[in-house]
């Protein structure tokens, strides 16, 4: 049986990916922090497959040696748009040091190393090449550079999937669709930014299928994905106001909006970067159908 090691298992994408891998006969192992909420780990992950990382490199080395993973999904990150000085250490520890410990542990393990990493479109600020938007995306890009080094120096196989605005049922994050839904239910005003920026909304099932497709290609056609960055895009970009209109159309409702009620930072992405997509993969869920499934799940609570 193939084995996968996942970081960031308690995230929305992590839990859904674990289910996908398990359904396809892959045994899922996870690494978590002592403070992680174990209740968020899906039932498909056996208790003996959960490893707690104490923050040291030695701890990570032991975990990797025990798991002996065939594939590593590095999803864990700390998302801070504008960290204050007291949060910098945590941001660096979560997004760079933890990942570096993982890579070095895989090097010492000595087995065939295959890694799938999730980046962010904020690594491409008004540019077709890497140009981080903010400190968070700087840390994501820095780990991406680590991957380049380990591929070149140690022969690691890796692929980076650049993610956009993911959404779907059972998503507990307070994101764009959740905000629109809240405004609808509470009959409150939904604030729109003065700059009606474009967003790329990608349904969770499509995101997970991209992650799984890369896993397949790393085994079947390694050269097609090794060392590459792929855009996990829906293929269609909408202005935030258009997302609201589509939501209204699906739920047959009217949502009060206020243009300029939400202040955007001076440094912002007006139109997300578009890159090469994963070979043999495409997003199959329209925004309208995705919103419909999102609403049905919310109403069913």
TODO: Kindly indicate the residue of region 124-142 that is touching a strand residue (DSSP E or B) at 6+ places or on another chain (Cβ under 7 Å) and buried (at least 19 other Cβ atoms within 10 Å of the Cβ) and also nearest to residue 199 (Cα to Cα) among those meeting that condition.
DONE: 124
Task: Subset of region 61-110 that is in contact with a helix residue (DSSP H, G or I) (Cβ under 9 Å, 6 or more places away or on another chain), more than 21 Å from residue 10 (Cα to Cα) and at pLDDT below 95 - its residue that is surrounded by the fewest Cβ atoms within 10 Å (Cβ to Cβ) - done: 82
Task: Selection status of residue 248, part of a helix (DSSP H, G or I), within 24 Å of residue 294 (Cα to Cα) and free of Cβ contacts under 8 Å to residues at least 40 places away in the same chain - done: yes
TODO: Can you run down the residue pairs with Cβ atoms below 6 Å, 6 or more apart or on separate chains, where the first is in region 280-299 and in a helix (DSSP H, G or I) and the partner is buried (at least 21 other Cβ atoms within 10 Å of the Cβ)?
DONE: 287/201; 290/203; 291/247; 294/177
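Going through region 150-167 one residue at a time, which ones are under 13 Å from the mean Cα position of the chain (by Cα) and part of a loop (DSSP other than H, G, I, E, B)?
Result: 164, single match.
Can you confirm whether region 10-26 contains a residue that is on the phi > 0 side of the Ramachandran plot, touching a residue at least 12 places away in the same chain (Cβ under 8 Å) and not in a helix (DSSP H, G or I)? Outline the logic, then answer.
Step one: list which residues in region 10-26 are on the phi > 0 side of the Ramachandran plot, which gives 25.
So of that shortlist, the ones also touching a residue at least 12 places away in the same chain (Cβ under 8 Å) come out as 25.
Narrowing further to those that are not in a helix (DSSP H, G or I): 25.
Among the residues of region 10-26, at least one is on the phi > 0 side of the Ramachandran plot, touching a residue at least 12 places away in the same chain (Cβ under 8 Å) and not in a helix (DSSP H, G or I), which makes the answer yes.
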TODO: Examine region 43-56 for a residue that is touching a residue at least 40 places away in the same chain (Cβ under 8 Å), out of contact with any strand residue (DSSP E or B) (no Cβ under 7 Å at 6 or more places or on another chain) and either assigned to a helix (DSSP H, G or I) or closer than 19 Å to residue 171 by Cβ (or both), and state whether such a residue exists.
DONE: no
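The values are calculated or read from the model by the stated rules, or taken from the named source; none is laboratory data. Just so it is clear, the structure is predicted and the values come from calculations on it, not from any experiment. Reconstructed Cβ throughout: ideal geometry from the backbone, glycine too, with neighbour counts over all protein chains shown.
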